[in-house]
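What follows is calculated from the coordinates using simple rules that are stated; it is not laboratory data. All values reported here derive from a predicted model rather than from experimental measurement. For neighbour counting, all protein chains shown are included, and Cβ atoms are generated from backbone atoms with ideal geometry for every residue, glycine included.
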Amino acid sequence: MNLNLRNAIVHNVSGNSQAELEDTIVDAIQNGEEKMLPGLGVLFEIIWQNSSEEEKKEMLGTLESGLKH
């Protein structure tokens, strides 16, 4: 991914409240447009980098379960 795109995405959501971040995520998922995927990827990258090992394992378990359905 282009670093400029990553920086632009981070800049666009920096300072947002939890409610605003949730709205951004829900809107991107409900919208279903592939152009939103890079933004979700950047947000997930931030979550991953700021999660404990236990939180990462929980996310991986959730992802694995979700992919089985």
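Residues in the range 28-44 that are in contact (Cβ under 8 Å) with a residue 12 or more places away in the chain and either within 10 Å of Ile9 (Cβ to Cβ) or among the charged types (D, E, K, R) (or both): Pro38, Gly39, Leu40, Gly41, Val42, Leu43.
Filtering the range 30-47 to residues that are over 8 Å from the mean Cα position of the chain (by Cα) and farther than 16 Å from Asn4 by Cβ leaves Gln30, Asn31, Gly32, Glu33, Glu34, Met36, Leu37.
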